[in-house]
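Reading through the structure tokens given below for one structure.
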Amino acid sequence: MLENEGNAPGDWDLAEAAGRGDEAAFGALTERHQASVHRFIFRSVGEEETARDLTQEVFVRAWFALPKLSRKAKLTTWLFQVAVNICRDHAKSKGARQKRVTGSITQEEGEERQLAHAGATPDKILEQKEMERILDTEIRRLPSELLQPFLLGSVEGHPYKEVAVMLELSAKAVEVRVYRARKILMQRLGERPEIRVGKVGNSGGEPD
């Protein structure tokens, strides 16, 4: 069964073509998912230049792996699993430095947020940007075992079952870690009620 939406080729159609050496198909696949992979990696490592390098490495690894890759439920599950492993390798490397850039956001996010600010007064725009900076900073301060489940499950909105595959955890463990991350953020931001840690992903309340 193809993943096509209208006339657009599905991820696996592009992946299988790329696996046969079709560079145009690989370019289309990269263009489709590069922004979300970069956003996840940036929020994991907290440094823009490093995030760009690691994002490039994800797609380099994907290019060499695609010829041997068998079709699975969703290509993005596998792709983000590659990204998770690369982030882990980076964290373990001697070159990892905890260069956390306060409040930086990706170009794509910046453009989206600027659109959201359209029509707002300059004071309101500055206030919103400051709230975003504070929230981004607190997200990056989460404990390492909570950060990636929260980013994948709550920020990127992947179903917990897919996140479980990416992180090699049970779906229940993912749910619990996302809940713990949200609770930490709400506690840290409790004195700033104007900043909401809303339900971004697919679970809100306390896990059973």
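The values are calculated or read from the model by the stated rules, or taken from the named source; none is laboratory data. Bear in mind that the values here come from a model prediction, so they are computed numbers and not experimental data. Note: ideal-geometry Cβ built from the backbone for every residue, glycine included; neighbour counts use all protein chains shown.
Collect the residues in the range 155-208 that are within 23 Å of T137 (Cβ to Cβ), buried (at least 20 other Cβ atoms within 10 Å of the Cβ), modelled with pLDDT of 65 or more and small (G, A, S), keeping them in residue-number order.
A181 - this is the single residue of the range 155-208 that is within 23 Å of T137 (Cβ to Cβ), buried (at least 20 other Cβ atoms within 10 Å of the Cβ), modelled with pLDDT of 65 or more and small (G, A, S).
Give the number of residues within the range 34-54 that are closer than 25 Å to L146 by Cβ, surrounded by fewer than 23 Cβ atoms within 10 Å (Cβ to Cβ) and polar (S, T, N, Q).
2
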